[in-house]
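The structure appears right after this line, and notes come after that.
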Amino acid sequence: MRKHEPSLLSRPLARRTVLAGAAGVIAAPFVARLAHAAGKAIRISTPGADAEWQSKALVKFKEALEKEAPGAFDVQIHFNGTLFGQGTEIEAMQRGNLEVGMISPQDIAELIPEYSIFTTGYLMRDAKHLDAVYDGEIGKEYKARVSKDVDIHIVRSQYLGTRHVVLRQPKDVKVPKDLAGVKLRMPGSASWQFLGKALGASPTPLAFEEIYLALQTGTIDGLENPLPDIISNKFYEVSKQIVLTSHMVANTFFTFSNKFWNGLDAKQKAAIEKAEAAAKAFNDEGVLSTEKEAVAFFESKGLKVTTPDVPVFRAQVLKAFSESDFAKTWPKGMLQRIEAA
């Protein structure tokens, strides 16, 4: 055997090494193309379960965006607060750790105190009124201020539903004083807690994902939520009564971090806006449809559905907000502008 000639045993190994190296060189551009094909990652965090209309609408958004901009984005949806808990999304977006959060007016009011006006109970009349406010001139001002002061971009408002009181045990509720002593789960922000007190209850802060167990064990006496969310999260399994207080026509904002949004070109932004328009239409139609059927559904599950003296509730809640420290910061004339929208 020649001095520098590889042995018969080493030849196949050498050949395999060369082939593997060649394969790596060939595969590198392919892997790069795959990474590029995945597109820009859009992580979406929501506290809701996947059965909620808002969550289904996120799936609709993902599908619509892929049609509008094939391969440009990689939409990753995280349900049940598994990525970021309710109320922590804005900070995550500001840090650049989250691209999209489902943000409430109450979240915004924590950072822009005068916008607590948008958290007032019995303020909005219905879903159409919500759109008239947030898609009109008021909405333009709102979005610009939020972008400047909070560093997030609101794409669109979606209808969350009209909120009502849900009780673990039946109770005769006609007026706010009938809720005295009731431990009513409310989100932790100041405006949410104030609303709970204005309704006559004892507001108890609790993470959304903890509600079911808290109702089951008696840690709380009830909650307030839109009827479709009560259905999708199966709170009716651990509740006995729905009190139709209709105390808030609620919405949520589909919101991007400014860092991500400002890095997109005009075509990408247009694709996102079009996809979100489709998702909003899907969401709003689903919520409204479910609300129409909700009372019959709850009664079929054995729950008692009652209607209190809503005008008395409305008068007390509006009086409480208008006389509060919140109202001292409200923009002059904004209440009238909202009512007239």
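The values are calculated or read from the model by the stated rules, or taken from the named source; none is laboratory data. Just so we're clear, the structure is a prediction, and the values are computed from it rather than from any experiment. Don't worry about glycine lacking a Cβ; one is built from the backbone with ideal geometry, like all the others, and counts go over all protein chains shown.
Here are some notes:
- Test for E68: is it farther than 28 Å from Q268 by Cβ, among the acidic types (D, E), modelled with pLDDT of 95 or more and out of contact with any strand residue (DSSP E or B) (no Cβ under 9 Å at 6 or more places or on another chain): no
- Residue in region 230-251 that is closer than 29 Å to S116 by Cβ, at pLDDT below 95 and buried (at least 21 other Cβ atoms within 10 Å of the Cβ) present: no
- Count of residues meeting criterion [under 15 Å from H153 (Cα atoms), buried (at least 19 other Cβ atoms within 10 Å of the Cβ) and either aliphatic (A, V, I, L, M) or in contact with a Cys (Cβ under 7 Å, 6 or more places away or on another chain) (or both)] in region 68-125: 7
- Among all residues of region 318-327, there is none that is more than 28 Å from V155 (Cβ to Cβ), in contact with a Pro (Cβ under 7 Å, 6 or more places away or on another chain) and either touching a residue at least 24 places away in the same chain (Cβ under 8 Å) or not polar (S, T, N, Q) (or both).
- Residue check for A180: farther than 20 Å from D229 by Cβ, modelled with pLDDT of 95 or more and surrounded by fewer than 21 Cβ atoms within 10 Å (Cβ to Cβ): yes
- If you check A132, A57, A69, A49 for being small (G, A, S), touching a residue at least 40 places away in the same chain (Cβ under 8 Å), farther than 30 Å from W330 by Cα and out of contact with any Phe, Trp or Tyr (no Cβ under 7 Å at 6 or more places or on another chain), only one passes: A69.
- Segments classed as helices (runs of 4 or more DSSP H), wholly inside region 255-341, with at least 1 members that are in contact with a strand residue (DSSP E or B) (Cβ under 7 Å, 6 or more places away or on another chain) and of a type in the set (S, T, N, Q): 258-261, 266-300
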